[in-house]
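S.K.: There's a structure below that I have some questions on.
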Amino acid sequence: MRYIHYILLPVFCLLIGASLNAQSKKGVEDLKTIQQHKFDHGDEHDHDHHGHDHGSHGHDHSSHDHSGHKHGSHDHAGHSHGKHAGHGDPCGHHDEKYDPTGTAIHHISDANVYSILELVRIPLPTFLYAPKAGWEVFMSNKFKIGHHEDGHMSHNGYVMHHGSVYRVVTPGFPLEGNHEHDCFTHKTVKDEKGKDKVIDYVMYGGKEYQLEARSTFDGGILGGGITSFYDFSISKNVLSMMLVALILFFLFRSAARAYKQHPNRAPKGIQNFLEPMFLFIRDEVAIPFIGEKKYMKYLPLLMSIFFFILGLNLWGQVPFLGSTNVTGNLTLTLVLAVIVFFVVNLSGNKDYWKHVFWMPGVPTFVKPLLAVVEGMGLFIKPLTLMLRLAGNISAGHIAILSFIGLIFIFGDLYGTMGSSIGTLLSVPLTLFMLAIELIVAFVQAFVFTILTASYIGAAIEEHEHH
Amino acid sequence: MTGTLAAIGAGISVIGAGIGIGMIGGKAMDAIARQPEASGDIRSAMILMAAFIEGAALIAILLSIFMS
């Protein structure tokens, strides 16, 4: 009986795999009764995916079956069968294949809704500003968010797709009030450079309305495109940041109060958790790199960076709690890196700038060359800080999601038996990745802090000239 | 085609980073075995160096993602 859990775990895995597969098969059966048809638009796009779901969940089609499908402007060629025959409904056709990449990207992205296990969807305040239409302030449950964080209702011309707010660009879509719409579709087209580009559409009243590219503040560098509106919402990531900041505030306040009230008592409770880390950062990072004399000036910054990153890393790894990917988001790490950049360069002394622009101790003809390299280094240092943190945390999340995806990949291939075997493989691999990620959470917070300390130390170092 | 090339590039950069971090880890083990009392200093220096290598590899990987 001591080893019963070794037997129970595989049995548990088999049951979970079988039930997940049964659910996905039920979804597929539903789809088969609806219809399958080919959809011809006469455009140049390569292939269409309609109502793309991940092929692994039962779908609720009740909201898809009420629009005037026959009045669509497009020519619906193809065959159809089943009880909805003849409707020509693009929302009926689903990709049956599980899409690991799309699922992973969807789960590591920011969202305008905080959903836990697809059961609880916490609406978040949404602040949208369009130069032409002005401010829109509302809670995101106006979108009637459903499966895969797709909305079922438009609000003043905005819709929610995969957790993000989009604006409809095709004229004719109602720009005022709430209107129920159908599913989302997407097409892959070639742009002028020959690259594949995915354009999303929303179905409303049997017609397709094109959506704007996703809102990004990067000016379109990362492929998001420039939108006609700005999204200042309290998104999932922002909410996580606020929560983590609050938790840290209360933890440190209670610890500080305990130290104040009983200065000579041995640490108790939360002090035992915070004190070793605090002393480690002070004694192993701040003092050796910055120096005894000046470290107190930079200690608050280092501690804030360390505990903020650590808290967010750990918050994102709690299973079934939204799995937010805040420190894996380039925008957050960009802000942290910009702060470090300004702190380092504004506290740099004469020697630091001399070493950057006119390196002493090397032949004169090398000095301009080194100035170029060092000048680039000024920007590359914070850039690598930004990329390292985001890359590591996102990579960990993607690895875990891929291992969980094994269940559905095997299920697609071999049915119920396959998804059971997939679950048997996936559970230990996921546990292993979670353990690795726990180490990575601490190591990456530590690395960010130690590199910040070393950059500051290099900037304020007093050189002794002979 | 460019996607395939980018994947190969990312793979090559990971090989380089793997060799570098492996050498750092091996040398750090040697150093700790030789001077166990300095293990704390060696460990933080090891992590710092590994972070630098990782930064170079990450730049390569992200470039290959954006170029693809």
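The values are calculated or read from the model by the stated rules, or taken from the named source; none is laboratory data. Note that the structure is a prediction, hence the values are computed from the model and not measured. Neighbour counts run over all protein chains shown; Cβ positions are idealised from the backbone, glycine included.
S.K.: Of all the residues that make up region A:111-128, how many are touching a residue at least 12 places away in the same chain (Cβ under 8 Å) and either farther than 18 Å from residue A:155 by Cβ or touching a helix residue (DSSP H, G or I) at 6+ places or on another chain (Cβ under 7 Å) (or both)?
M.R.: 11
S.K.: Let me spell it out: the conditions are (1) within 18 Å of residue A:450 (Cα to Cα); (2) within 11 Å of chain A (Cβ to nearest Cβ); (3) over 15 Å from the mean Cα position of the chain (by Cα), and residue B:63 meets all of them except one. Which number is the exception?
M.R.: Result: residue B:63 passes all but (1).
S.K.: Which pairs turn up if I take residues in region A:384-395 that are within 9 Å of chain B (Cβ to nearest Cβ) and look for partners that are assigned to a helix (DSSP H, G or I) and of a type in the set (D, E, K, R) with beta carbon separation below 9 Å, at least 6 apart in sequence or on another chain?
M.R.: A:384/B:54; A:388/B:54; A:391/B:54; A:392/B:54
S.K.: Now for a separate question. Residue B:6: touching a helix residue (DSSP H, G or I) at 6+ places or on another chain (Cβ under 7 Å), at pLDDT below 85 and away from chain A (no Cβ under 12 Å), yes or no?
M.R.: So residue B:6 passes the test.
S.K.: Scanning for something more than 22 Å from the chain's Cα centre (by Cα) and more than 30 Å from residue A:339 (Cα to Cα), does region A:384-403 turn up at least one residue?
M.R.: No, the conditions are met nowhere in region A:384-403.
S.K.: I'd like to know if region A:340-349 contains one or more residues that are modelled with pLDDT of 90 or more and in a loop (DSSP other than H, G, I, E, B). Give the derivation first.
M.R.: Quick first cut of region A:340-349, residues modelled with pLDDT of 90 or more only: A:340-347.
With the extra rule that they be in a loop (DSSP other than H, G, I, E, B), the set shrinks to A:347.
Yes: one or more hits.
Yes or no, residue by residue, for (1) of a type in the set (Ser, Thr, Tyr); (2) within 24 Å of residue A:324 (Cα to Cα); (3) surrounded by 15 or more Cβ atoms within 10 Å (Cβ to Cβ); (4) modelled with pLDDT under 85:
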{"residue": "A:187", "(1), (2), (3), (4)": "no, no, yes, yes"}
{"residue": "A:192", "(1), (2), (3), (4)": "no, no, no, yes"}
{"residue": "A:214", "(1), (2), (3), (4)": "no, yes, yes, yes"}
{"residue": "A:235", "(1), (2), (3), (4)": "yes, yes, yes, no"}
{"residue": "A:239", "(1), (2), (3), (4)": "no, yes, yes, no"}
{"residue": "A:244", "(1), (2), (3), (4)": "no, yes, yes, no"}
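S.K.: Residue B:25: closer than 27 Å to residue A:333 by Cβ, within 18 Å of the chain's Cα centre (by Cα), away from chain A (no Cβ under 14 Å) and at pLDDT 80 or above, yes or no?
M.R.: Working: closer than 27 Å to residue A:333 by Cβ: yes; within 18 Å of the chain's Cα centre (by Cα): yes; away from chain A (no Cβ under 14 Å): no; at pLDDT 80 or above: yes.
For residue B:25, the condition - closer than 27 Å to residue A:333 by Cβ, within 18 Å of the chain's Cα centre (by Cα), away from chain A (no Cβ under 14 Å) and at pLDDT 80 or above - is not met.
S.K.: Of all residues being modelled with pLDDT of 75 or more and part of a loop (DSSP other than H, G, I, E, B) in region A:224-233, which is surrounded by the most Cβ atoms within 10 Å (Cβ to Cβ)? Just the residue, please.
M.R.: A:233
S.K.: Could I ask something else about it? What single numbered condition from (1) closer than 23 Å to residue A:126 by Cα; (2) aliphatic (A, V, I, L, M); (3) at pLDDT below 75 fails to hold for residue A:221?
M.R.: With (1) closer than 23 Å to residue A:126 by Cα; (2) aliphatic (A, V, I, L, M); (3) at pLDDT below 75 applied to residue A:221, the lone miss is (1).
S.K.: So, in region A:371-383, exactly how many residues are under 9 Å from residue A:356 (Cβ atoms) and away from chain B (no Cβ under 14 Å)?
M.R.: Count: 4.
S.K.: Something else now. If you check B:31, B:6, which single one turns out to be in contact (Cβ under 8 Å) with a residue 40 or more places away in the chain and either surrounded by 15 or more Cβ atoms within 10 Å (Cβ to Cβ) or basic (Lys, Arg) (or both)? Step through it out loud before you land on a result.
M.R.: Values: B:31 fails: in contact (Cβ under 8 Å) with a residue 40 or more places away in the chain.
Residue meeting the stated conditions: B:6.
S.K.: If you don't mind, another one. For region B:38-56, which positions are farther than 22 Å from residue A:386 by Cβ and more than 8 Å from chain A (Cβ to nearest Cβ)?
M.R.: Selection gives B:38, B:39, B:41, B:42, B:43, B:45, B:46.
S.K.: Among the residues of region A:420-448, write down those that are within 14 Å of residue A:317 (Cα to Cα), free of Cβ contacts under 8 Å to residues at least 24 places away in the same chain and within 14 Å of chain B (Cβ to nearest Cβ).
M.R.: Correct list: A:439 only.
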